[in-house]
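> Take this structure, written in structure tokens, and hold onto it; I'll ask about it next.
Coordinate-derived values only; no laboratory data. Computed from a prediction, not measured in an experiment: that's the story for all the values here. Heads up, the Cβs are rebuilt from the backbone with ideal geometry, glycines too, and the neighbour counts pull from every protein chain shown.
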């Protein structure tokens, strides 16, 4: 029994000791987890600082020749026409080779209507010729008859010289009437001649118009076999919604492009930048272009243009601005329509101090960091400059090699803020987005 009591007391002592050690370990861990040393720490770095705007884009040839539907569609009275067939995209064609075939059904009915209208115009022209000939022939015959009647009245007037005065006067009156009637008939003949000419011009113009329309329709029908104006690689044209044209798509007189034949020696990446970032971008800025199809390849480029007016793209809710980036070199793997990644360098500072974005906090509109001095955290005011997606420039308040916390430490509200001298705090940061002026080197702030 005594040995049992001793054993139990030993067990009790062991359990008590283990519990005490465990509690002590938990307390130590708790102390460590709440200390600055357990937080994530970063050092202030010095070196080149780059700000980039990264967007997705699409390759396009700077120069290209459009392959279009016949340009006289509207003159032929056809405003939309369907693409019946297209050669496969990427096909290399020679000049004069067929690229597409357009549906002729609408033109066939139009050709029948125009042919019928032309036949009607020809008949009207012939009828007008006959009417004019008959009218003028009758007028000429009437004038000839009046001339003979005037000659009779003249003879009667001469014979009445020896007659009674009343008979003589009557003969003179008859002669004058016949003379005036002949003059009026000649004037009327001239008017009828002008009327006939005007009528012939009218029906002749309609006839010429119908002939011209027929020629246009025939030319458009012949142009439905769309040929390549120059040699090149066929790239399908895009519609208003960004989709490429295919067999069955409609082309119109105001948007006649069927395909393009690009010049692959000069390529550009067309991208769209949101209205927040576009203010950082300007023509002449360098860029790096990558291909989604081959991420290992990188091409240098330069921003060639930035749109002044925003637009609403089908795939975006916000306003975006078109930006064109010209590639500096050609490559056989580059093809129009390839998806690209565009890293546009909007700012490069050769020498700057910077920390991760997470290190900078804001309190009462004052930018600050939690700087480590040994194992103790201090609250330090800083002046920030430009920032990119990961880091921010520190213009004043820190020195190279300083350690800063990336998380707010426990009890931060009890720490006193170390303010910068009024003169330093009032100075604006010299490095901002869109400039290339390096920041001033901050004074050493070592503890």
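> If you check residue 76 against the conditions, is it part of a loop (DSSP other than H, G, I, E, B) and in contact (Cβ under 8 Å) with a residue 24 or more places away in the chain? Spell out how you get there, then give the answer.
Working: part of a loop (DSSP other than H, G, I, E, B): yes; in contact (Cβ under 8 Å) with a residue 24 or more places away in the chain: yes.
Here the answer is yes, as residue 76 does meet what is asked.
> Looking for something within 30 Å of residue 94 (Cβ to Cβ) and surrounded by 11 or more Cβ atoms within 10 Å (Cβ to Cβ) - is there at least one such residue anywhere in segment 275-293?
Filtering segment 275-293 for residues within 30 Å of residue 94 (Cβ to Cβ) gives 291, 293.
So of that shortlist, the ones also surrounded by 11 or more Cβ atoms within 10 Å (Cβ to Cβ) come out as 291, 293.
Among the residues of segment 275-293, at least one is within 30 Å of residue 94 (Cβ to Cβ) and surrounded by 11 or more Cβ atoms within 10 Å (Cβ to Cβ), which makes the answer yes.
Residue-by-condition table, conditions (1) surrounded by fewer than 22 Cβ atoms within 10 Å (Cβ to Cβ); (2) touching a helix residue (DSSP H, G or I) at 6+ places or on another chain (Cβ under 8 Å); (3) touching a residue at least 60 places away in the same chain (Cβ under 8 Å):
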{"residue": "366", "(1), (2), (3)": "yes, no, no"}
{"residue": "376", "(1), (2), (3)": "yes, yes, yes"}
{"residue": "385", "(1), (2), (3)": "no, no, no"}
{"residue": "390", "(1), (2), (3)": "yes, yes, no"}
{"residue": "393", "(1), (2), (3)": "no, no, yes"}
{"residue": "399", "(1), (2), (3)": "yes, no, yes"}
{"residue": "402", "(1), (2), (3)": "no, no, yes"}
{"residue": "408", "(1), (2), (3)": "yes, no, no"}
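> Next up: Yes or no: residue 343 within 30 Å of residue 325 (Cβ to Cβ) and surrounded by 15 or more Cβ atoms within 10 Å (Cβ to Cβ)?
Working: within 30 Å of residue 325 (Cβ to Cβ): yes; surrounded by 15 or more Cβ atoms within 10 Å (Cβ to Cβ): yes.
In short, yes.
> Where in segment 207-276 are there strands (runs of 3 or more DSSP E), lying fully within it, with 2 or more residues that are under 30 Å from residue 328 (Cβ atoms) and touching a strand residue (DSSP E or B) at 6+ places or on another chain (Cβ under 9 Å)?
In segment 207-276, 257-262, 267-274 are the strands (runs of 3 or more DSSP E) which contain 2 or more residues that are under 30 Å from residue 328 (Cβ atoms) and touching a strand residue (DSSP E or B) at 6+ places or on another chain (Cβ under 9 Å).
> So, in segment 40-68, how many residues would count as being in contact with a helix residue (DSSP H, G or I) (Cβ under 9 Å, 6 or more places away or on another chain) and closer than 24 Å to residue 335 by Cα?
Adding up the residues that qualify gives 1.
> Considering only segment 352-386, how many residues are within 30 Å of residue 301 (Cα to Cα) and either out of contact with any strand residue (DSSP E or B) (no Cβ under 7 Å at 6 or more places or on another chain) or not in a strand (DSSP E or B) (or both)?
Qualifying residue count, segment 352-386: 1.
> Just to be sure before I move on: is residue 109 free of Cβ contacts under 8 Å to residues at least 60 places away in the same chain, under 30 Å from residue 207 (Cβ atoms), loosely packed, with under 14 Cβ neighbours inside 10 Å and over 60 Å from the mean Cα position of the chain (by Cα) in the structure I sent?
Details: free of Cβ contacts under 8 Å to residues at least 60 places away in the same chain: yes; under 30 Å from residue 207 (Cβ atoms): yes; loosely packed, with under 14 Cβ neighbours inside 10 Å: yes; over 60 Å from the mean Cα position of the chain (by Cα): no.
Considered against the rule, which asks whether it is free of Cβ contacts under 8 Å to residues at least 60 places away in the same chain, under 30 Å from residue 207 (Cβ atoms), loosely packed, with under 14 Cβ neighbours inside 10 Å and over 60 Å from the mean Cα position of the chain (by Cα), residue 109 comes out as no.
> Just checking, which of 345, 322 is touching a residue at least 12 places away in the same chain (Cβ under 8 Å) and more than 30 Å from residue 43 (Cβ to Cβ)? Reasoning before the result, please.
Working: 345 fails: more than 30 Å from residue 43 (Cβ to Cβ).
Unique residue meeting the criteria: 322.
> Residue 254 is checked against (1) out of contact with any helix residue (DSSP H, G or I) (no Cβ under 6 Å at 6 or more places or on another chain); (2) crowded, with 18+ Cβ neighbours inside 10 Å; (3) within 22 Å of residue 71 (Cα to Cα) and fails just one. What number does that condition carry?
For residue 254, the exception is condition (2).
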